[in-house]
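To start, the structure itself, in structure tokens.
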Amino acid sequence: MDKRCALITGASSGIGLELAKLLAADGYDLIVAADDPAIATSAEELRGGGVEVEAVQVDLRKPKEVERLYRSVTAGGRRIDVAALNAGIGGEGPFVDRDLDEDLAIVDLNVRSTVHLAKLVLRDMAERGEGKVLFTSSIVAGMPGWNQTMYNASKSFVQSFVEALHDEMRGTGVTVTSLMPGPTRTEFFRRAGMTDTVLGRMPKDEPARVAKQGYDALMRGDRKVVAASLFSKAMGISNAFLPDSVKSAANRLIVTRTGSN
């Protein structure tokens, strides 16, 4: 029997790395991808679990790089049983002040590359009649993003996309699940330039706990899971009931810089 294999993007640290650890513990061989050289170090750590691990450094903002990753994943007829599409970036600041290329980079990675890779992976799974895909969304998917216009909008797209896919794939043997983390202790806030915001200084969920809740939901074939703490889950529930004006004001509050009035 062929060994099971999993693809994880954004796997050099944080939630992606923790998802990879869980998959390795369950005996999956891994293809781990990220845009930074640290992916090689993460792969070495994961090999300690006794599974085969292949690291691919790739910039998924570029369509040709998405195709290159897919070719690496499927080389020699290899089959992907599980895919965790976790790569994503954010950015802070008023829309009119931000550089256009920076905003489009968020769209390219969070939206376009997610659609592109999902198209390739899900077609293979649908043809076989089996497979599981986990998309990392966010609880901000339901919250207008003051000073985070592109990030929140990108996660709104991902969330709508995943929920539609979940229904489309019903009865095919392929499941699609959305992981919606709250504030999590990852590199996201540093990379997005948000370490001095209210949100950046708040207590955060541990990525291992977020990943475990996402992994369990993936294996059950759930539509979505809000992870991980009670605070994050409460935020997720409130998004379903509060008007957008209130959610926008709340978002403005939490992304305000702590040194500002």
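The values are calculated or read from the model by the stated rules, or taken from the named source; none is laboratory data. These numbers come from a predicted model, not from an experiment. Don't worry about glycine lacking a Cβ; one is built from the backbone with ideal geometry, like all the others, and counts go over all protein chains shown.
Just one of Glu92, Glu102, Glu168, Glu130 is more than 20 Å from Glu67 (Cα to Cα) and in contact with an Asp or Glu (Cβ under 8 Å, 6 or more places away or on another chain); which is it? Step through it out loud before you land on a result.
Numbers: Glu92 fails: in contact with an Asp or Glu (Cβ under 8 Å, 6 or more places away or on another chain); Glu102 fails: in contact with an Asp or Glu (Cβ under 8 Å, 6 or more places away or on another chain); Glu168 fails: in contact with an Asp or Glu (Cβ under 8 Å, 6 or more places away or on another chain).
Matching residue, one of Glu92, Glu102, Glu168, Glu130: Glu130.
Is it the case that some residue within the stretch 96-105 is modelled with pLDDT under 95 and among the acidic types (Asp, Glu)?
No; the residues of the stretch 96-105 include none that is modelled with pLDDT under 95 and among the acidic types (Asp, Glu).
So, in the stretch 81-111, how many residues would count as being more than 28 Å from Arg123 (Cα to Cα) and either part of a loop (DSSP other than H, G, I, E, B) or acidic (Asp, Glu) (or both)?
We begin by selecting, within the stretch 81-111, every residue more than 28 Å from Arg123 (Cα to Cα); these are 90-103.
Retained after the next criterion (residues that are either part of a loop (DSSP other than H, G, I, E, B) or acidic (Asp, Glu) (or both)): 90-99, 101-103.
Looking only at that region, the number is 13.
Identify, please: which residue in the stretch 4-28 is out of contact with any helix residue (DSSP H, G or I) (no Cβ under 6 Å at 6 or more places or on another chain) and within 14 Å of Val73 (Cα to Cα) and is, among those, surrounded by the fewest Cβ atoms within 10 Å (Cβ to Cβ)? Walk me through it before giving the result.
At the first step, the residues of the stretch 4-28 found to be out of contact with any helix residue (DSSP H, G or I) (no Cβ under 6 Å at 6 or more places or on another chain) are 4-5, 9, 13, 16, 21, 23, 25-28.
From the residues that got through so far, the ones that are within 14 Å of Val73 (Cα to Cα) too are 4-5, 9, 28.
Values: Arg4: 15, Cys5: 21, Thr9: 29, Tyr28: 23.
Across the stretch 4-28, the extreme among qualifying residues is Arg4.
Would you check if Ala217 is at pLDDT 95 or above and part of a helix (DSSP H, G or I)? I'd like the intermediate steps shown before the answer.
Numbers: at pLDDT 95 or above: yes; part of a helix (DSSP H, G or I): yes.
Yes.
Given the criteria crowded, with 22+ Cβ neighbours inside 10 Å, at pLDDT 95 or above, within 23 Å of Tyr215 (Cβ to Cβ) and β-branched (Val, Ile, Thr), does Ile31 qualify? Show your work before the answer.
On the way: crowded, with 22+ Cβ neighbours inside 10 Å: yes; at pLDDT 95 or above: yes; within 23 Å of Tyr215 (Cβ to Cβ): yes; β-branched (Val, Ile, Thr): yes.
Considered against the rule, which asks whether it is crowded, with 22+ Cβ neighbours inside 10 Å, at pLDDT 95 or above, within 23 Å of Tyr215 (Cβ to Cβ) and β-branched (Val, Ile, Thr), Ile31 comes out as yes.
Which numbered condition in (1) closer than 21 Å to Leu17 by Cα; (2) in contact with a strand residue (DSSP E or B) (Cβ under 7 Å, 6 or more places away or on another chain) is the only one that Ala126 fails?
Checking Ala126 against (1) closer than 21 Å to Leu17 by Cα; (2) in contact with a strand residue (DSSP E or B) (Cβ under 7 Å, 6 or more places away or on another chain), the one that fails is (1).
Where in the stretch 1-80 are there helices (runs of 4 or more DSSP H), lying wholly inside it, with at least 1 residues that are touching a strand residue (DSSP E or B) at 6+ places or on another chain (Cβ under 8 Å) and among the polar types (S, T, N, Q)?
Numbers: elements: 14-25, 38-47, 63-74.
Output list reads 38-47, 63-74.
From the set of residues in the stretch 136-170 that are within 13 Å of the chain's Cα centre (by Cα) and among the hydroxyl-bearing types (Ser, Thr, Tyr), which is nearest to Lys212 (Cα to Cα)?
Here the answer is Thr136.
Look through the stretch 126-149, keep the residues that are assigned to a helix (DSSP H, G or I) and modelled with pLDDT of 95 or more, and return whichever of them is nearest to Leu85 (Cα to Cα). Show your work before the answer.
We begin by selecting, within the stretch 126-149, every residue assigned to a helix (DSSP H, G or I); these are 126-128, 139-142, 149.
Still in the running and modelled with pLDDT of 95 or more: 126-128.
Working: Ala126: 17, Glu127: 20, Arg128: 20 Å.
Filtering the stretch 126-149 for residues that are assigned to a helix (DSSP H, G or I) and modelled with pLDDT of 95 or more, the one nearest to Leu85 (Cα to Cα) comes out as Ala126.
How about the stretch 126-140: which of its residues are surrounded by 24 or more Cβ atoms within 10 Å (Cβ to Cβ) and of a type outside the set (Ser, Thr, Tyr)? Please lay out each step first, then the result.
So the first thing to find is which residues in the stretch 126-140 are surrounded by 24 or more Cβ atoms within 10 Å (Cβ to Cβ), and the list is 133-138, 140.
Scanning the stretch 126-140 gives Val133, Leu134, Phe135, Val140.
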